Amino acid sequence: MPSDAPAPTSPSVPTTGYRELLRNSEFTGLCSSFTLSVAASTLSGFALGTLVDHETGSPFLTAVSMYGATFATVLGALTLMSVADGRRPRRTVVALQFASVAGVAAQAVPGLPLTVRFGLLLVLGFFQSLATGTRLGLLAEVVPASAYTPARSLMNITSGGTAILGYALGAVLLRHVGPQGLFTVAAVLNGLGLVVVAATVREHSIRLTKRPGLRRTWSTNIALFSHSGRRALLLNLWVPNGLIVGCEALFISYDPRGAGPLLAAGSAGMLLGDLTVGRLLTADRRRRCAFPLRLLLAAPFLLFVTYPPVPVAAAAVFAAGVGFAATLPLQEQLLELTPGPVRGQVQGVESAGRMTCQGLGAAVAGGVAHHVAPGTAITALAAVSLAITVVSRPFVARARTVGGEGTGT
């Protein structure tokens, strides 16, 4: 991995307030295109999950259909993620966004076999991982280092609010236009995201001198995982919340009519958590809150063993959603341990690994739900998430003390 480079700066964003961030047209464009992509992903995932549930009645296939794209993100992290630090990141984002438009539009074709739909899902996941890494690499250059966490927080808030609206409106639209109609709306939203990023974001020059490709991806990944502090942070960014997403993947099987409110409650909790942690807390307080937030992420789901009514379950899911804000201080620490020229790839690997673990969590949850009741499966996954958080706490605490390791090539 290349030696450390100075943190990126941007004269157009003098402070870390949300208003100042939104005055930066490039950040606004990145945030808007990301939000539109989240809206498209929410609607298409809800449509595909509903379609698969109706056709198969399988909790496993339903869970995988909603989060299956995340399996392919690891392929991007292992093969071509170095394109996130290529010389023309804007062009890369535009090209990948166009591929997403085409993939979601293809899902709108009536009568497609489920095997074809799952194949499209994996292709979209691969492109999504590369686009995310490139966007986050651009973000680290568009805003100064001091504004990175508020910027990620604001992006999370807008995406969380979009997910709330997406699940709520998706349930309504589904009754009128069906799954194919939802896929069409998702394709249009992806297209709008393409137009926004093409119109607002310029190319940036803090890039690798070597050509991106498989060899470059692997050399950077080897350096990334050879660093004990980064390994500990990645574990806690990936596994606990992946298991909790597995819990959420069972909401349709747990209560088909209550799934929309439960998913919306989780998104609302995420929105509140990101707003509070990213905007109102200092960096030091964010780090002190990281462990309690990781506990909060899993603990409320233990209530599902009692099969509570939907309002009570929604309150528990809302509280757990706040715990997802633990990713912000962990991502902040990871950025501090990452050399500037490869920030796009490292953030892309973090995002891809987190999404892959979410897909694995959904698959594990669906598999467990084949043998036990959905409420029991949700409780079991939450207990495992809680245990991993507690056991790994000392290693995360040590991450700051090993910040100088593993930054050379």
Checklist entry - If a residue has to be part of a loop (DSSP other than H, G, I, E, B) and surrounded by fewer than 24 Cβ atoms within 10 Å (Cβ to Cβ) to count, how many in region 240-284 make the cut? => result 6
Checklist entry - Is it the case that region 143-157 has a residue that's over 20 Å from the mean Cα position of the chain (by Cα), more than 23 Å from LEU330 (Cβ to Cβ) and touching a residue at least 24 places away in the same chain (Cβ under 8 Å)? => result no
Item to check | Output for region 193-215, where each listed residue is modelled with pLDDT of 90 or more and surrounded by fewer than 18 Cβ atoms within 10 Å (Cβ to Cβ) | outcome: VAL195, ALA198, ALA199
Checklist entry - For region 118-126, does any single residue satisfy the condition of being modelled with pLDDT under 80 and crowded, with 24+ Cβ neighbours inside 10 Å? => result no
Checklist entry - Identify, please: which residue in region 93-108 is under 16 Å from LEU43 (Cβ atoms) and free of Cβ contacts under 8 Å to residues at least 60 places away in the same chain and is, among those, surrounded by the most Cβ atoms within 10 Å (Cβ to Cβ)? => result GLY103
Item to check | Number of positions in region 377-401 that are surrounded by 15 or more Cβ atoms within 10 Å (Cβ to Cβ), of a type in the set (S, T, N, Q) and over 22 Å from the mean Cα position of the chain (by Cα) | outcome: 1
Checklist entry - Could you say whether any residue in region 113-123 is closer than 17 Å to THR35 by Cα and touching a residue at least 24 places away in the same chain (Cβ under 8 Å)? => result no
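Within region 43-68, which residues are in a helix (DSSP H, G or I) and either under 18 Å from THR162 (Cα atoms) or under 19 Å from the mean Cα position of the chain (by Cα) (or both)? Walk me through how you get there before you give the answer.
If we filter region 43-68 for residues that are in a helix (DSSP H, G or I), which is where we start, we get 43-56, 59-67.
Within region 43-68, LEU43, SER44, GLY45, PHE46, ALA47, LEU48, GLY49, ALA63, VAL64, SER65, MET66, TYR67 meet the criteria.
The values are calculated or read from the model by the stated rules, or taken from the named source; none is laboratory data. Only a predicted model underlies this, so the values are computations on that prediction, with no experimental measurement involved. With ideal geometry, Cβ positions are generated from the backbone for all residues, glycine too; neighbour counts draw on all protein chains shown.
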